[in-house]
Amino acid sequence: MFKKIAIFITLFLSVINSAAALEQRISAIVNDDIITESELNERRKLITLINNLVNLSIEQQEQLRKAALEGLIEEKLVFQQGRKFGLEVAEKDINDSIHHLEQANKMPAGHFSGLLLSRNINIDTFKQKIRSDILKQKLSAEILVRGIVISKDEIDETAINANKNDILFSVKEFVAKDDSEKSYQTIIKLRSQAKDCNSKVKLPQEFSQASWEKKLSELDNNMRTLLNSLKPGQFTAIISKNNKATTYQVCERKILGLTEKENDFLANYLGRKKLSYRMQRFLEMIRKQAYIKVL
């Protein structure tokens with residue numbers, strides 16, 4: 001009897017030890033850090049909860065595992081960069097982020113932590129994800145933001161693409177005597193000489209030149225199409241107008257009715273966009289330089 005009990009206990013402990021060993025199995029090496037199977041499983045459960053994933057196929061489960069592992073590898077790299085630059089994330093910042101998340105989703109305080117517990121998800125895996133996100137923000141603010149400049153042209157271009165404001169175009173118009181092949185070739189040569197509207201260009205006698213200003217809303221559809229996407233200094237395509245080869249050069253374009261608040265909003269939007277692009281390139285660079293081995 002005692003012998004059977006001893007055998008049962010031995011087998012039971014063997015199963016427990018095997019499960020524990022599996023949980024601590026190394027799934028990936030990232031420079032001097034490791035990712036265990038336990039970390040990977042916790043992250044998979046977290047992604048499943050956040051994205052409300054159910055009834056996944058075997059292929060989808062494999063995709064989920066890969067996504068979870070990629071996220072953990074990136075986090076390890078971010079933490080390593082944080083240590084390199086002496087950046088830290090306080091526990092208060094993490095707790096504040098969880099609190100803001102709960103408020104945004106109209107949850108009572110502590111609800112999300114309870115939700116994780118009810119799904120058997122370790123709160124530490126969620127805190128690690130938040131810590132990584134905050135550390136990215138710190139890296140952006142401390143390192144990557146340097147040298148980012150938003151020009152007036154970039155703001156104007158963004159406002160124009162939004163199609164919310166009228167545009168005042170200052171334009172030079174060049175007209176040939178006819179629409180012969182020779183006239184077209186002469187205009188092509190002229191356009192290569194006129195880098196901007198201040199460039200001095202010697203016109204053939206048969207050519208005429210005029211300058212005018214009009215709002216985009218005042219132009220006909222054909223002229224809108226010709227001018228709308230052009231920047232100062234650029235030429236339209238050569239067209240035949242009244243049987244004469246004609247081209248237009250944009251001298252200036254001014255956004256009308258753009259308030260200071262709208263200008264600041266666009267500048268901030270463009271700054272965040274550039275910073276996001278820099279972060280993406282930064283992550284690609286440190287990953288390329290890292291020693292990463294998936295086991």
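The values are calculated or read from the model by the stated rules, or taken from the named source; none is laboratory data. Every value quoted in this text rests on a predicted model; they were computed, and no experiment measured them. Reconstructed Cβ throughout: ideal geometry from the backbone, glycine too, with neighbour counts over all protein chains shown.
Before moving on, here are some points about what is shown:
- Output for region 185-233, where each listed residue is surrounded by 14 or more Cβ atoms within 10 Å (Cβ to Cβ) and within 21 Å of residue 168 (Cα to Cα): 197, 214, 216, 219, 223, 224, 226, 227, 228, 230, 232, 233
- Region 30-44: number of residues that are surrounded by fewer than 17 Cβ atoms within 10 Å (Cβ to Cβ) and under 28 Å from the mean Cα position of the chain (by Cα): 2
- Conditions (1) more than 30 Å from residue 81 (Cβ to Cβ); (2) within 29 Å of the chain's Cα centre (by Cα); (3) of a type in the set (Lys, Arg); (4) surrounded by 12 or more Cβ atoms within 10 Å (Cβ to Cβ): number failed by residue 152: (4)
- Counting only strands (runs of 3 or more DSSP E) that sit completely within region 194-268, those holding 3 or more residues that are of a type in the set (Val, Ile, Thr) and modelled with pLDDT of 90 or more correspond to 244-255.
- Residue match in region 50-66 (condition: over 18 Å from residue 278 (Cα atoms), among the basic types (Lys, Arg), under 26 Å from the mean Cα position of the chain (by Cα) and modelled with pLDDT of 90 or more): yes
- Identity of the residue in region 156-180, among the polar types (S, T, N, Q) and either part of a helix (DSSP H, G or I) or without any contact (Cβ under 8 Å) to a residue 12 or more places away in the chain (or both), that ends up farthest from residue 266 (Cα to Cα): 163
- Scanning region 257-268 for residues that are surrounded by 13 or more Cβ atoms within 10 Å (Cβ to Cβ) and either more than 19 Å from the chain's Cα centre (by Cα) or not hydrophobic (A, V, I, L, M, F, W, C) (or both) returns 258, 262, 263.
Residue-by-condition table, conditions (1) over 20 Å from residue 116 (Cβ atoms); (2) in contact (Cβ under 8 Å) with a residue 12 or more places away in the chain:
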residue	(1), (2)
28	yes, yes
33	yes, yes
40	no, yes
53	no, no
58	yes, no
61	yes, no
84	yes, no
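- Segments classed as helices (runs of 4 or more DSSP H), wholly inside region 45-153, with at least 2 members that are touching a Gly at 6+ places or on another chain (Cβ under 9 Å), closer than 29 Å to residue 268 by Cβ and basic (Lys, Arg): 123-139
For (1) among the acidic types (Asp, Glu); (2) assigned by TED's automatic domain parsing to the domain that holds residue 286; (3) within 25 Å of the chain's Cα centre (by Cα), each residue gets a yes or a no:
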| position | (1), (2), (3) |
| --- | --- |
| 80 | no, yes, yes |
| 91 | yes, yes, no |
| 97 | no, yes, yes |
| 108 | no, yes, no |
| 111 | no, yes, no |
| 116 | no, yes, no |
| 122 | no, yes, no |
| 139 | no, yes, yes |
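- The residue pairs whose first member lies in region 130-142 and is closer than 18 Å to residue 47 by Cβ, whose second member is among the acidic types (Asp, Glu) and not in a helix (DSSP H, G or I), and whose beta carbons are closer than 7 Å, counting only pairs six or more residues apart or on different chains, do not exist in this structure.
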